[in-house]
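Everything below concerns the one structure shown next.
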């Protein structure tokens, strides 16, 4: 069989994957949004008539699998509302929107993006609409394009800004609905009514597939410790989900480290202990999952950085460190000391975000065990992150996103603004899903940023009392010494063979019972 | 649906995947090996009767997907030959074999390993059977266990040693067939009669899936250059296959670099040129594939290392370098200079194998473009290697390995020794495959190792006149500036949806025509 034909058959399969629509969405013209408390619930059987709509849409921030299906769902919904509706895509995020760089999305564009990965077609960007001036520009672009709706596909920051823009539009009487779609592979945009952000499912399955392979390699070659760094600066949802899916020997959750005021020293000690204990049983191999923000959560590292920056503010250098802070700094590998002295933020402050967490811990553990002759400690550092953001979406993300897009179209039709499209009962079959719209308002809280109080959507951190973390903390003790590894394999698009039909985090949070 | 049930359904699907057997193997009792020139060809329709057999088997070297199916095929073949045959697995490679650490493989073991990834169950090792003493020990283990056959699943070194052991057994009248199975994800064990080593297909598909995701991320976020390092020290088959599957902006093939005497400077220049050219079109992103052995192939790096080591042998240090070598050394990033001075081999010689190739090139390119204001050069270094060695085998590797195992059983039954099991026409459907046995003898050539002439299987390097490289060199010019990226997606086990049914390298080599 020729290459070309087999290659295109996968793409065709994905393009042809029939996305299911849940019952109340089956006929968009009959679907309406009913107020229930402060949320809107999608209902059927009340035919709505609408003139054609013109709606703008843009991606914002890092890509996440499923984004293109939001466009597909929006397009489908808008066309069902009125065949002459128009979907205007803005290029490269809010920057392109403010500059009115656009692409009208038609049948031909949709045909190429169904169930595909990435934020291609439109691209994305990091520009934020925050200032009064930017909001004026946004209003101008909306008016120029006669848009009744503007849909932001993004994370917590993007949805925060969407909220403020909706308020601004209301105040300035710009008749344009602003709607948010909860996106992030980090999984930290959830809470009241938002059960999961899209992309998290595919990304964690992609990482877990690779970690599972490493687990098997550890168990086959029996000579490597894989230190796997995973995305997640303040929230460790990705690490927690991957740990549940693959059962590594160790996994660290930044939220727990922060809560318990764990020190870097203690973490190094914990890893070294596992390495030594396993070596005693001739197991000079293992896997450790490390969220990239881990060292920023360590109490001693934070204290040291603070002390450094206080010293610096009075014109002193690192040599002015004393006590524990001095000791800690000097215990760090030289390469890390240099990194810290070099990578200063724009204010000249030392920062931890550029320090290679996995390498730091690996080097410190190595130092700690090197004199133990029973231990052969060979580390392979691995980082999974960018390679999961644009994977072909899992069936779950493909379906979830398509339906979110449809709901966004209905929100615009019904002139609702300041809402995020949402779906309830995501852990159940699609036939039991409920369409919703959650007021972004209710997700806002006050945070101090750059010395000012600001209304923002707080990042959802791992809940240490939640079912996923409880499941993990109940089981992890056994994983250290036994080889309880799982290898879920690559994502299967064939319905019946789906590796994990739903992310464990989602199912555990919703079902609140153990699946192991 | 509960987690447990969906998870096990994938494993069950893989366990239940019905491996096809090609026609002449359909009935093992009727299959026999016919001499054709110096190879043996598997034929049907001549019933063979055999007493029960006792056969030993071991893994050797790095794991490769499909290895467990070799065990399954051997087991099946041996049981078809005689229901009382016994398959003895040796633990942790040749080391475990010489110590007679064994596991008798029965129905229960087979039930858990079908179509699974890794060299679990037995483990693997790097011990080589080379010395006279080791061969005596090997003979003792064979006699103690009354083995009529010994099957080595390994790469070029392992099969070299299998050959010498077969000769030794013949000389010493140890009546035990020695059979090799061609394994390596590097793809460098092929040639006369061996069309492909097993594992290469799955590993390159696994890497290509991730590289495809990075391609999409480059095109979505438009802000990163992904420098992807891939396994392959002397041979670049993996990089070539992944390049054909994903169409990165640049990919380097060590064999070409060596042939053309390309310098590190020229490689850096080539990458920098692509970075600058793309930046002119506002494309500050891209993907570059780099085989891990690349810098060892650079003529200037080799000359510098040689000069260093000559100096060192007369008691001088790096300060004694002159001319081009001095200039090159000083042009290297400080971190690399230090790495070179630190990582000496056991003879105190400088070596390149520990230098991080991708990081070196990234840093030098950065230095080269940093004053160009039109260029935003943000590199993300990535390494794929260990995460592809134990993936769930593709349908191709699963089927190939099972059949190889069956052939190995027949070789032992027919008292053939010094052969590698092989299959012809791998690029065609299984129904057109031909079972073979290739004398390892014919693959041996003389190499100078450690000052001595030695008979070894030479590593198969990328053939610069072969169809895969030609296809690549014909197309690559277009990939630099255009975004011709492909993203093949994860391996699909569903037959009809297989991402790529066969590796492109194999198909191109066999069909000798273009598939693009």
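Angle of helix A:3-16 to the longest C-alpha principal axis of chain A, folded into 0 to 90 degrees and rounded to 10: 60°.
Rounded to 0.05, the FRET efficiency of the residue B:337 and residue B:370 pair, given R0 = 25 Å and the Cβ-Cβ distance, is 0.85.
Mean sequence separation of contacting Cα pairs (under 8 Å, at least six apart), scaled by the length of the range B:21-100, corresponds to a relative contact order of 29 percent.
Helix B:237-246 and the longest principal axis of the C-alpha atoms of chain B enclose an angle of approximately 70°. For the segment B:110-123, counting C-beta atoms of other chains within 10 Å of every residue's C-beta and taking the mean gives 3. The gain in end-to-end length when the residue B:35 to residue B:277 segment is fully stretched comes to 81.3 nm, 0.36 nm per residue minus the alpha carbon separation. With the label put 7 angstrom out from Cα along the Cα-to-Cβ vector, residue A:104 ends up 7.8 nm from the copy partners, going from closest to farthest.
Label-to-label distances for residue B:175 across copies, nearest first, come out at 9.9 nm, using points 7 Å from Cα in the beta-carbon direction. Mean per-residue shielding of peptide A:52-63 is 1, counting Cβ atoms of other chains within 10 Å of each Cβ. The mean count of C-beta atoms from other chains within 10 Å of the C-beta of residues in A:381-387, rounded to a whole number, is 6.
Cut-off is 10 Å between beta-carbons; in what order do A:92, A:494, B:397 appear when sorted fewest neighbours first?
Values: A:92 23, A:494 17, B:397 29.
So the residues, fewest neighbours to most, are A:494, A:92, B:397.
Scattering from chain B was approximated by placing one identical point on each alpha carbon and applying the Debye formula without solvent; log10 I(q)/I(0) at 0.06, 0.12 1/Å stands at -0.31, -1.12.
Given 0.36 nm per residue, what is the gain on full extension from residue B:454 to residue B:44 after removing their alpha carbon distance, in nm? It would help to have the intermediate numbers written out before the result.
Working: separation 410, 0.36 × 410 = 147.60 nm, distance 3.83 nm.
Difference between extended and current length: 143.8 nm.
For the range A:74-146, what is Rg from Cα atoms divided by 2.2 N^0.38 Å, rounded to two decimals?
1.21
Calculated [222 nm] ellipticity per residue, helices only, for chain A: -13000 deg cm²/dmol; basis is -39500 (n - 2.57) per DSSP H run with n ≥ 4, divided by all residues, nearest 500. The mean sequence distance of close C-alpha pairs (under 8 Å, at least 6 residues apart), as a share of the length of the range A:1-156, puts its relative contact order at 27 percent.
Residues A:59, B:226, A:383, arranged from fewest to most other Cβ atoms within 10 angstrom of their Cβ, appear as A:383, B:226, A:59. Distances between equivalent label points of residue A:473 across the copies, with each point positioned 7 Å along Cα→Cβ, amount to 6.1 nm, shortest listed first. Look at where the Cα atoms of the range A:121-164 and of the range B:291-360 average out, and the two centres are 53 Å apart.
Ordered by the number of other Cβ atoms lying within 10 Å of each residue's own Cβ, fewest first, A:157, A:463 fall into the sequence A:463, A:157. Computed on chain B, with alpha-carbon pairs under 8 angstrom and 6+ residues apart, the relative contact order is 23 percent.
Each principal axis of the Cα atoms in the protein assembly as shown has its own extent, and those three values, largest first, are 97, 69, 55 angstrom.
Would you mind checking the tilt of helix A:132-144 against the longest principal axis of the Cα atoms of chain A, expressed as 0 to 90 degrees and rounded to 10? Computed tilt is about 40 degrees.
Using the per-residue mean of other Cβ atoms lying within 10 Å as a proxy for protection, in what order, highest first, do the peptides A:259-268, A:355-364 fall?
A:355-364, A:259-268
As a calculated quantity, the FRET efficiency between residue B:484 and residue A:100 at R0 = 30 Å, using C-beta atoms, amounts to about 0.55. Reducing the range B:16-87 and the range A:52-93 to their Cα centroids gives an inter-centroid distance of 56 Å.
All of the numbers you see were taken from the coordinates with simple rules; none came from a lab. Bear in mind the structure is a predicted one, so any value in this text is a computation, not a measurement. Virtual Cβ from ideal backbone geometry, glycine too; neighbours counted across all protein chains shown.
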